[in-house]
Amino acid sequence: MRTHRAPRRAAALALGTALVSLLATSPAGAGTAGLPVVKPTSETAALYDDEAGGNSDADDPAIWRNAADPGRSLVVATAKEGGLKVYDLNARLVQELAAPEPPAEDDAPGRFNNVDLVSGLRTSAGRADVAVVSDRGNDRLRVYRIDPSRRGGPLTDITDPAAAPVFSSGQSEINDQRTAYGLATWTNKATGRTYALVSQRERTRLALLELVPAAGGKVGYRKVRTLDLPASSQLPDGTSWSPCAEPGELPQVEGMVVDPATGTLYAGQEDIGIWRLRADLTGRPVLVDRTREFGVPGVYDEATEECVAGADPGYGGERLSADVEGLTLLQERGGEGYLLASSQGDNTFAVYDREGNAYEGGFRVGAASATLDSVEECDGAAVLNAPLGKRYPRGLLVVQDGDETPGVPDGEGGTRTATGFKFVDLGAVVDAAGL
């Protein structure tokens, strides 16, 4: 989630002034703490989170490679109540699909949060490439077949209409919106079965859902098991700590990715850090890295709807500023490569070795021009290390931009809340970050 849309966590408040000062004093051409800066090549048209904009709010992208014609590959991206957007490699919109209407007037509307892809999913109509989406508003998964030759747009909804809520027992619980949130797909190499791993909003729970064929080429899912990540942590001084939040909220997970070679799930618990665990949700999770704000005490202030931070005891990490958001895997041959993580609190991206998860460095996405601006408050990210035609011969990185500029007046003396997606040449990232 983006901090300017919700009460700030204690950790973000504690470091906010220091981070602003650091950014202001960084030398020209350098990023936070001297990190290299890469520039986007293009961006999507801004999405506006207001009635005129269809309550569209960019969140999470995925990159589909057209094996027959890589230069005509696609980016599938979520826009919350704005539904699903499909872009070409020039960041031009080629299709948009609306989120479902609410079942009744007072019910929550569809709200597409995260998206991931599956290649060659088994359906009753044959194998298909699909996009799987977490519909937070309805607590369900939505599945879309990808066919670039289809007239009217490459995506078609093939969700089993009998698909049940993921975490809720009925519509009243769905309306409370402790629903399907983060999402990553995984195909078990040993069994050939395909799954979606889904996190629950405002809870620490993860669910493993098997994607299953249904009649008429539709796709449904069944719950295999769940796992709850820790809601609190034991600190070195013997005390127990949990991040400050609104009453009743637990530290949630959103950004997730699975390493297909090892069946390893990486899950970003926003205020805490990055967990590594088995994608089948068995075994014990291991905390790969912590946020800088890990261990900072805080008290929620009902009047301001913000957290008041206490003194930092110094137990946090050095590379991630809450929230930990988009996780994506830059795959190389032989099991090598890198895990990329969006450090939303300081507008940077951290890079970890794929094999041992050692920190390898980081980067920022800076402005390419007055209109092609830098990336701030990034939610979702996706990387594809494969040739994508003449435009991206070394691959592509797509990142959400949580503060699209220049701003557009809202008619009331302010500016409309605008978000979008930036396209970045992966070769530029590899060269700048020394990967």
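Please work out if VAL296 is open to solvent by less than 10 Å² (accessible area, probe 1.4 Å) and under 21 Å from PRO230 (Cβ atoms). In short, yes. Of everything in segment 230-257 that's part of a loop (DSSP other than H, G, I, E, B) and acidic (Asp, Glu), which residue is farthest from the chain's Cα centre (by Cα)? Among those residues, the one meeting the criterion is ASP237. Counting only residues that are open to solvent by 60 Å² or more (accessible area, probe 1.4 Å) and in a strand (DSSP E or B), how many does segment 146-186 have? So the count comes out to 1. Of all residues in segment 73-88, those satisfying the criterion of being open to solvent by 10 Å² or more (accessible area, probe 1.4 Å) and either assigned to a loop (DSSP other than H, G, I, E, B) or at pLDDT below 95 (or both) are GLU81, GLY82, ASP88.
Of the candidates LEU384, LEU435, LEU396, the single residue that is under 16 Å from GLN331 (Cα atoms) and either in contact with a Ser or Thr (Cβ under 6 Å, 6 or more places away or on another chain) or at pLDDT below 95 (or both) is LEU435. Kindly indicate whether any position in segment 219-229 is open to solvent by less than 10 Å² (accessible area, probe 1.4 Å), outside any strand (DSSP E or B) and touching a residue at least 60 places away in the same chain (Cβ under 8 Å). No: segment 219-229 contains no residue that is open to solvent by less than 10 Å² (accessible area, probe 1.4 Å), outside any strand (DSSP E or B) and touching a residue at least 60 places away in the same chain (Cβ under 8 Å). Please determine, by comparing only the residues of segment 243-276 that are β-branched (Val, Ile, Thr) and in contact (Cβ under 8 Å) with a residue 60 or more places away in the chain, which one is most open to solvent (accessible area, probe 1.4 Å). That would be THR262. Across segment 91-120, the qualifying residues are those that are in contact with a strand residue (DSSP E or B) (Cβ under 6 Å, 6 or more places away or on another chain) and part of a loop (DSSP other than H, G, I, E, B), and the one among them that is most open to solvent (accessible area, probe 1.4 Å) is ARG111.
Being within 23 Å of VAL399 (Cα to Cα), in a strand (DSSP E or B), open to solvent by 10 Å² or more (accessible area, probe 1.4 Å) and modelled with pLDDT of 95 or more is a description that applies to TYR338.
Restricting attention to segment 277-293, which residues are open to solvent by 20 Å² or more (accessible area, probe 1.4 Å) and either assigned to a strand (DSSP E or B) or over 13 Å from GLN344 (Cβ atoms) (or both)? Of everything in segment 277-293, those that are open to solvent by 20 Å² or more (accessible area, probe 1.4 Å) and either assigned to a strand (DSSP E or B) or over 13 Å from GLN344 (Cβ atoms) (or both) turn out to be ARG278, ASP280, THR282, GLY283, ARG284, PRO285, VAL286, LEU287, VAL288, ARG290. When GLU325, GLU377, GLU404 are checked against the criterion of being assigned to a strand (DSSP E or B), surrounded by 18 or more Cβ atoms within 10 Å (Cβ to Cβ), of a type in the set (Asp, Glu) and out of contact with any Phe, Trp or Tyr (no Cβ under 6 Å at 6 or more places or on another chain), a single residue qualifies: GLU325.
The values are calculated or read from the model by the stated rules, or taken from the named source; none is laboratory data. Everything numeric in this text was worked out from a predicted model, so none of it was measured. As a convention, Cβ positions derive from the backbone with ideal geometry for all residues, glycine included, and neighbour counts pool all protein chains shown. Note: areas computed on protein heavy atoms with side chains; ligands, DNA, RNA excluded. Shrake-Rupley method; radii C 1.70, N 1.55, O 1.52, S 1.80 Å.
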